[in-house]
Amino acid sequence: HGVDEAIGAAGADYLIAGTVFASSSKPASAPLLGIEALRSIAKAVDLPVLAIGGIAGDRIGEVAAAGAAGFAAIGVFMASQLEADGAACRVVELRHIVNAARSRFDRLKTTP
């Protein structure tokens with residue numbers, strides 16, 4: 001939830017930082033980390049930092065640029081209580097989101 005806690009995570013293989021943005025899966029009263037705190041955490045540790053909380057397709061670039069090694073997008077996958085005829089369209093949309101995220105993160109890893 002913050003830089004001090006992240007620095008104190010000795011022995012961890014990776015960190016999950018959040019809640020970055022408002023999320024339907026978290027209570028409205030949950031404190032938000034925000035993109036700048038995510039950036040501070042990613043810079044403060046030598047561990048992969050995964051962002052969680054309100055990560056939608058249109059926020060992937062911002063999260064990647066903040067230094068996150070990845071993200072958890074529970075809402076993206078749970079947002080659809082699918083009817084049978086809409087399931088195929090949703091699967092295509094989710095694949096597009098995942099592929100776009102991979103591409104964005106791969107570009108950032110290779111950019112000096």
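What do you reckon, is GLY18 touching a Phe, Trp or Tyr at 6+ places or on another chain (Cβ under 7 Å), under 17 Å from HIS1 (Cα atoms) and at pLDDT 70 or above?
Details: touching a Phe, Trp or Tyr at 6+ places or on another chain (Cβ under 7 Å): no; under 17 Å from HIS1 (Cα atoms): yes; at pLDDT 70 or above: yes.
Criteria not met by GLY18.
Scanning segment 1-28 for residues that are assigned to a helix (DSSP H, G or I) and without any contact (Cβ under 8 Å) to a residue 24 or more places away in the chain turns up ASP4, GLU5.
The values are calculated or read from the model by the stated rules, or taken from the named source; none is laboratory data. Model, not experiment: these values are computed from the prediction. Ideal geometry is used to build each Cβ from the backbone, glycine not excepted, and the neighbour counts take in all protein chains shown.
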